[in-house]
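Quick notes on the structure that follows.
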């Protein structure tokens, strides 16, 4: 099972197709690809409040992604290694 979670929404159809086609050589017989992503509806395709919420969440993800990149680049310039969710030592 291959899981693509929150990957394809950032790419145009052209590049999303290329991403999916790139998986083909690695797929074994009977393998499944599960896509878990958010689809933002087109203008006036759904009720106003549904569209507004979808666009808000999309902008939130974009902002969080940009902030994560900024934090990582700032940390690397300062010589800091950010380590998150490291397993606790068993010794």
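Is one or more of the residues making up the range 31-48 part of a helix (DSSP H, G or I) and modelled with pLDDT of 80 or more? Spell out the reasoning first.
So the first thing to find is which residues in the range 31-48 are part of a helix (DSSP H, G or I), and the list is 48.
Then keep just the ones that are modelled with pLDDT of 80 or more; that gives 48.
Looking for residues that are part of a helix (DSSP H, G or I) and modelled with pLDDT of 80 or more, one finds at least one in the range 31-48, hence yes.
Residue check: is residue 46 closer than 22 Å to residue 60 by Cα, surrounded by 10 or more Cβ atoms within 10 Å (Cβ to Cβ) and more than 14 Å from the chain's Cα centre (by Cα)? Walk me through how you get there before you give the answer.
Numbers: closer than 22 Å to residue 60 by Cα: yes; surrounded by 10 or more Cβ atoms within 10 Å (Cβ to Cβ): yes; more than 14 Å from the chain's Cα centre (by Cα): yes.
Spelling it out, residue 46 is indeed closer than 22 Å to residue 60 by Cα, surrounded by 10 or more Cβ atoms within 10 Å (Cβ to Cβ) and more than 14 Å from the chain's Cα centre (by Cα).
Just need a number here: residues in the range 1-20 that are in a helix (DSSP H, G or I) and either over 18 Å from the mean Cα position of the chain (by Cα) or within 21 Å of residue 55 (Cα to Cα) (or both).
5
When you scan the range 21-30, how many residues do you find that are part of a loop (DSSP other than H, G, I, E, B) and surrounded by 10 or more Cβ atoms within 10 Å (Cβ to Cβ)? Before you say what the answer is, go through the steps one by one.
Quick first cut of the range 21-30, residues part of a loop (DSSP other than H, G, I, E, B) only: 27-30.
From the residues that got through so far, the ones that are surrounded by 10 or more Cβ atoms within 10 Å (Cβ to Cβ) too are 27.
Number satisfying all stated conditions: 1.
The values are calculated or read from the model by the stated rules, or taken from the named source; none is laboratory data. Computed from a predicted structure; not experimentally measured. A quick note on method: Cβ atoms are made from the backbone with ideal geometry, for glycine too, and the neighbour counts reach across all protein chains shown.
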